[in-house]
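Notes follow the structure.
The values are calculated or read from the model by the stated rules, or taken from the named source; none is laboratory data. A quick note: this is a predicted structure, and the numbers were derived from the prediction, not measured. Note that we place each Cβ from the backbone using ideal geometry, even for glycine, and neighbour counts take in every protein chain shown. SASA here: full protein model, heavy atoms, side chains in, ligands and nucleic acids out. Shrake-Rupley method; radii C 1.70, N 1.55, O 1.52, S 1.80 Å.
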Amino acid sequence: MIIKITFPFKDSPNTIELKEIVIETDDNDLITQLKSTNNPIEIGIILSENERKYKKIDSEKKEDLHIEIAEVLTSPALRKKFNF
């Protein structure tokens, strides 16, 4: 299954950029975990804890599942500088 995860990312005070991660996996447990949240921090934790269960791929292929994150992630350096 091909899963596309998109999320807004703020790496400067005046811009928000839409970023995406596209992965391929056949692990049903990982798919269920990813479907169960739309929190960008939880998605990152799930992906880091399951690194061996998926591989990152180019976004050229049509995704089977699209997870859209609405919450903006802020660059840690920017967060520290402006106390977000």
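Could I have the simple spin-label model distance between Phe9 and Leu65, label points 7 Å from Cα toward Cβ, reported in nm to one decimal?
2.2
Mind scanning Lys35/Lys56; Lys4/Lys55; Lys10/Lys35; Lys19/Lys55; Lys4/Lys62 and naming the pairs with a C-alpha gap bigger than 20 Å?
Among Lys35/Lys56; Lys4/Lys55; Lys10/Lys35; Lys19/Lys55; Lys4/Lys62, the Cα-Cα distance tops 20 Å for Lys10/Lys35.
Using a Gaussian network model on the chain with a 10 Å cutoff between Cα atoms, which of Glu42, Glu60, Glu68 fluctuates the most?
Glu60
Go through Ile45, Ile67 and list them by solvent-accessible area, largest first, probe radius 1.4 Å.
So the residues, ranked largest to smallest area, are Ile45, Ile67.
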